[in-house]
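Structure, as structure tokens:
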Amino acid sequence: MPFESSLPLVLACLLGSAVGAFVWLRSQARWLLAVTILLVVAGVVAFVADTLVVTDREHLLGLFPRLASAAERRDIETIIAALDPDLRPLRAEAERALAQVRPTEVVITNLELDVDARATPPRAEANLVVRVTGNVIDSHTPGTILVGARVPLLRKDGRWLIQDAEVEPVRPATGESRQRGAGR
């Protein structure tokens with residue numbers, strides 16, 4: 001997809017311009033100088049375009065670390081703002097879960113993202129594994145749990161909103177779930 005990563009194009013342009021400059025220094029042919037300049041300009045344009053354009057995939061890949069950071073800070077408003085406002089039961093369930101858990105560290109260890117921009121409205125699904133360290137209100141003993149989550153998202157009014165979250169504990173060694181649907 002365009003703008004996902006311009007690094008290969010920028011490196012190719014940089015390498016091509018270096019070779020063009022080297023050959024131009026040897027031959028002094030004007031067309032080689034023009035090609036070298038065009039390659040430098042193309043590399044700069046590709047880099048600037050990649051920096052300025054944020055694709056849906058890039059936005060969503062940045063969304064989940066922001067939500068993990070918000071969970072660590074106990075910033076419930078940021079997390080609730082990422083949920084679809086039309087799904088009141090999901091919002092209420094999220095508020096209950098956030099009130100019961102006091103995480104000290106939330107780390108996303110694996111994130112797989114599938115974006116379907118051709119759907120109307122655009123849809124995405126994130127499958128992630130999250131390591132949560134902290135306390136549950138009933139227990140003052142800190143602990144760590146590794147959970148897998150499937151998070152469907154929908155683009156509404158120009159914003160990606162979480163539609164649901166299916167969470168289940170996973171075993172660190174195998175990644176298999178111990179219990180399906182736990183925490184949902």
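A short reminder: the numbers here are calculations on the coordinates, not readings from a lab. Here the structure is a predicted model, which is why all the values come from computation and not from measurement. Methodologically, a virtual Cβ is constructed for each residue, glycine included, from the backbone with ideal geometry; neighbour enumeration extends over all protein chains shown.
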Residue within region 121-129 that is touching a residue at least 60 places away in the same chain (Cβ under 8 Å), surrounded by 12 or more Cβ atoms within 10 Å (Cβ to Cβ) and not small (G, A, S) present: yes
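Got at least one residue in region 73-82 being in contact with a strand residue (DSSP E or B) (Cβ under 6 Å, 6 or more places away or on another chain) and under 18 Å from A149 (Cβ atoms)?
Yes, because at least one residue in region 73-82 is in contact with a strand residue (DSSP E or B) (Cβ under 6 Å, 6 or more places away or on another chain) and under 18 Å from A149 (Cβ atoms).
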